[in-house]
Amino acid sequence: MATAFTNQGYDGSGDTKYVELNEQNPRMSSTYEVPAAMSRPVMSQPVRANVPTVFHESMYDPTSKAVLDGTYVHMSRGILNGLISQQTSEMYRSNVAAFTGMHDNLSYDSLLAGLLYRGETLLVNNQYIYYSYVSFLDQHGNSTTKTPMRQGRAFLTTQRLLMLSAETTAGANLTKFGDPKKLPGGYHVETSCNDTLHYMSVPLSCFRSVELYASVGVKSTANIHGQAPCCCGLCGFFGMEMCLKHWSVDVTQGQAHNDRYITMGVIMPPWGTRSFLQMYLNPSVPLTTTKDFVSDLQRHAPGLHDKIMPEAGDGQIG
């Protein structure tokens, strides 16, 4: 049966209508609607925003931020971080100069039009979650099992979690090779600018756990280094303080953080692989919306509200 979708536009009711045309039997055609809460916020935003022209540390993915924070183990941390920053900025400028997009100008509204099942409705008060990064980890939360998804929107429905990235993205990846504290170990830097289209859906029946973490604040770090005395400590036996081990403090580093992510335990389709899906939220997402997302997920995912505790009296010592 040949079918086609045509956009009937905005009819004033707040919903965008699409008609599925049955070319063999026009009377069998049917109408679908994309709720206004889905279409209007998406269409009010630029379809393809330009990538930032200057690199910023916030563009590192979560794993790379952890690697960058771990450079405190080096006594030459200041020199190392300055070199990483300089090299990353230069590479990113080259990426921006050479970057070209797909130019298809696909909006979230047009992409989602044919993805909803008949009778499937949006949850979370018809709102989406704007994420900055989604990682797929093994059951131990260590190794990556799938290609990560960069910034996009997550829609929770009565049947599935829909994740869709359809915009320009820019970022950087920082990894270690060998042991950076020993030669010839060091760090590997990679920068990129992409025009991304990435869609994925996970049935609610696959979810087994959900965890919400949010922390906003400021932290300070400093290294306190030990230095051997000029006499190699030989005079320390005589109680001479000047010949004891010396200590010095480097410059204190202050850093603000805004960490918000949802970790979901999932039996990942199509082969039923035990995985963790970790969704890092954009700082602009209100915590009330995040709470509604977790509440609706728990309410509609069978594996999150099935009875896991014994009935009163079961297994009790009488």
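Brief remarks follow.
- Picking from residues in the stretch 110-144 that are outside any loop (DSSP other than H, G, I, E, B) and farther than 24 Å from residue 292 by Cα, the one that is most open to solvent (accessible area, probe 1.4 Å) is 144.
- Residue tally, condition of a type outside the set (S, T, N, Q), modelled with pLDDT of 90 or more and in contact with a strand residue (DSSP E or B) (Cβ under 7 Å, 6 or more places away or on another chain), over the stretch 179-206: 15
- Considering the conditions (1) within 30 Å of residue 226 (Cα to Cα); (2) at pLDDT below 90; (3) out of contact with any helix residue (DSSP H, G or I) (no Cβ under 9 Å at 6 or more places or on another chain), residue 48 is excluded by exactly one of them, (1).
- Residue, most open to solvent (accessible area, probe 1.4 Å), within the stretch 254-299, restricted to residues that are out of contact with any helix residue (DSSP H, G or I) (no Cβ under 9 Å at 6 or more places or on another chain) and among the charged types (D, E, K, R): 274
- Pairing residues of the stretch 293-305 that are touching a residue at least 12 places away in the same chain (Cβ under 8 Å) with residues that are part of a loop (DSSP other than H, G, I, E, B) and open to solvent by less than 60 Å² (accessible area, probe 1.4 Å), at Cβ distances under 7 Å and at least 6 apart in sequence or on separate chains, gives 296/123; 300/123; 300/158.
- Tally of residues being closer than 25 Å to residue 226 by Cα, at pLDDT 90 or above and among the hydroxyl-bearing types (Ser, Thr, Tyr) across the stretch 72-93: 0
- In the stretch 176-188, the residues that are open to solvent by 30 Å² or more (accessible area, probe 1.4 Å) and assigned to a strand (DSSP E or B): 176, 177, 187, 188
- A count restricted to the stretch 198-207 and to residues that are assigned to a strand (DSSP E or B), touching a helix residue (DSSP H, G or I) at 6+ places or on another chain (Cβ under 8 Å) and surrounded by fewer than 16 Cβ atoms within 10 Å (Cβ to Cβ) stands at 1.
- Matching residues, the stretch 79-109, being assigned to a helix (DSSP H, G or I) and open to solvent by less than 60 Å² (accessible area, probe 1.4 Å): 80, 81, 82, 84, 88, 89, 91, 92, 95, 96, 108, 109
The values are calculated or read from the model by the stated rules, or taken from the named source; none is laboratory data. All figures in this text were calculated on a predicted structure; none of them were measured in a lab. Cβ sites come from the backbone with ideal geometry, for glycine too, and all protein chains shown count toward neighbours. In case anyone asks, the SASA skips ligands and DNA or RNA and just uses the protein heavy atoms, side chains included. Shrake-Rupley method; radii C 1.70, N 1.55, O 1.52, S 1.80 Å.
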